[in-house]
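The structure under discussion appears below in the form of structure tokens.
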Amino acid sequence: MSGPLNVPAAALEDWLRERYFQAETDISSSGVHNYTLGDLRALDPGLRDGELDALMFRDGPALGAERLRAAVAARVHPGPGQVVMTTHGSSEALFLALNALVRPGDEVVVPDPAYHSLSALAASVGAVLRPWPLRPENGFVPDLADLRAVLSARTRLVVVNFPHNPTGACVDPAGRTELLELVEASGATLLWDGALTDLVYDHPPLPDPSRDIGRCLSFGTLSKAYGLPGLRVGWCVLPAELAPGLVRMRDYLTLSLSPLTELLAAVAVEHADTLIAPRLAGARRGRDLLLEWARRTDGAVECPVPRGGVTAFPRFRGVTDTTELCERLLARHGVLAVPGSCFGHPDRMRIGFSCPEGDLLRGLEAISEELAGPPSRGEAG
């Protein structure tokens with residue numbers, strides 16, 4: 001059922017809402033294993049020497065605290081004419097951008113499958129969605145010919161997220177160049193969700209597209225690669241002339257971020273490599289474990305290789321809908337995974353592989369046990 005803003009229910013959030021707090025073993029997450037406040041305080045002497053105690057809880061600037069914005073700019077290296085705006089996670093940035101830029105009837109290209117915010121928010125403001133299919137028969141590898149086919153003179157925005165959630169698909173550097181050229185030639189504006197930018201395995205992280213094209217907004221967050229989802233801090237890099245429109249809408253929503261979360265976020269971004277590098281190394285090991293496990297199933301689990309991010313999107317042979325399997329995993333083993341129905345592919349499951357290694361192994365073993373011996377007729381769960 002749609003709400004007052006005509007936003008459909010977010011199937012992924014509905015699935016996780018209660019189950020997330022019931023699970024003993026979490027192999028559902030699209031972000032790396034989380035850090036603690038103590039981990040952050042260890043990075044910055046100021047946080048240990050009274051800076052937190054001296055913090056004044058006043059409202060912050062509409063575009064965000066200068067220290068955090070400067071840290072993001074130093075990390076992202078935006079192009080000329082671009083500014084940084086910090087937000088309540090990248091979800092707020094996406095909401096503000098789509099509401100500021102889209103008018104009813106505008107065509108918006110979105111990947112399919114997609115994280116719900118990328119497609120549903122555009123549809124809620126009256127956009128006509130043009131799906132860019134990432135095809136399972138091709139391992140979800142992005143095909144730019146498919147993108148070219150859905151672009152038109154009426155395309156207002158092209159929304160992408162590479163690395164991709166839930167599949168882990170990614171364009172390579174040459175593919176990024178071709179993608180930017182296609183969007184720029186179309187006259188559309190690019191919305192680049194870079195939540196997983198730093199989590200890649202086959203090439204260096206893709207540069208922020210604002211370095212190469214002007215009609216571009218890019219988004220980042222501490223929730224995925226930084227292991228700090230509870231801070232609820234993200235950002236948007238956008239052309240300076242568009243910033244007043246986003247701020248105007250924000251005046252009716254959140255006004256600004258908390259100075260406490262912006263201080264902690266600034267420390268995190270200033271020490272980004274220290275936080276990301278060990279989690280990326282752990283995710284690489286987790287990816288290897290997951291792919292090896294899938295290979296040992298003799299085709300029962302078909303798993304496209306994730307080129308980025310920390311989730312895989314395997315298909316389960318002979319299972320038309322993994323929802324019941326995911327329910328059994330939680331009820332019988334305390335293991336949380338996400339059924340593919342949350343992304344329009346019910347025969348698949350989203351599995352996160354950046355959790356602690358022991359959790360991943362327990363989760364995969366539980367899946368193997370359920371695939372080998374499903375409960376008999378009438379068994380609970």
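Going by the alpha-carbon gyration tensor, a ≥ b ≥ c the square roots of its eigenvalues, is region 1-95 rounded (a/c under 1.5) or, if a/c is not under 1.5, prolate (a/b greater than b/c) versus oblate? Mind showing how you got there, number by number?
On the way: a/c = 2.01, a/b = 1.31, b/c = 1.53.
Oblate, since a/c reaches 1.5 and b/c is not below a/b.
For the chain, which DSSP H helices look membrane-span-like by this rule: Cα extent along the axis of 24 Å or more and mean Kyte-Doolittle of at least -1.0?
272-295
Ranked highest first by average number of other Cβ atoms within 10 Å, how do 291-301, 224-234, 345-355 line up?
Most protected by this proxy first, the peptides run 345-355, 224-234, 291-301.
At a threshold of 8 angstrom on Cα-Cα distance, excluding pairs fewer than six apart, so keeping six or more, what relative contact order does the chain reach in percent?
25
Can you report the principal axis dimensions of the chain using only the alpha carbons, biggest first, rounded to whole angstrom?
61, 57, 43
Within region 157-172, what residues put their amide N at less than 11 Å from the label point 7 Å along the Cα-to-Cβ vector of residue 203?
170-172
Please report, in whole Å, how far the alpha carbons of region 56-271 spread along each principal axis, starting with the longest.
53, 39, 30
Rounded, prolate or oblate for region 40-183? Axes are the square roots of the Cα gyration tensor eigenvalues, ordered a ≥ b ≥ c, and the cut-off for rounded is a/c under 1.5.
Prolate, because a/c is 1.5 or more and a/b exceeds b/c.
May I ask you to compute the full-extension gain from residue 51 to residue 74, defined as 0.36 nm times their residue separation minus their alpha-carbon distance, rounded to one decimal in nm?
Here the segment from residue 51 to residue 74 would lengthen by 6.0 nm.
Run the simple label-point estimate for residue 59 and residue 252 please: 7 Å along Cα→C-beta, distance reported in nm.
1.7
According to a simple spin-label model (label point 7 Å from Cα along Cα-to-Cβ), what is the distance in nm between residue 357 and residue 149?
4.3
Just order 118-131, 161-174, 12-25, 70-83 by mean Cβ neighbour count inside 10 Å, highest at the front, would you? Working shown, then result.
Working: 118-131: 19.4, 161-174: 23.2, 12-25: 14.5, 70-83: 17.1.
Top to bottom by mean Cβ count within 10 Å: 161-174, 118-131, 70-83, 12-25.
So if R0 is 41 Å, what FRET efficiency would residue 182 and residue 273 give, r being the distance between their Cβ atoms, rounded to the nearest 0.05?
The formula returns an efficiency of 0.80 here.
Would you mind calculating the gained length between residue 288 and residue 211 on full extension (0.36 nm times residue separation, minus the Cα-Cα distance), in nm to one decimal?
In short, 24.4 nm is gained.
In terms of the Cα gyration tensor, with a ≥ b ≥ c the square roots of its eigenvalues, is region 292-365 rounded because a/c is under 1.5, prolate because a/b exceeds b/c, or oblate?
It is rounded, given that a/c, with a ≥ b ≥ c, falls under 1.5.
Just so you know, all these numbers are worked out from the coordinates, no wet-lab data involved. What you see is a predicted model; the values in this text were computed from it and never measured. So basically every Cβ, Gly included, is an ideal-geometry build from the backbone, and we count neighbours across all protein chains shown.
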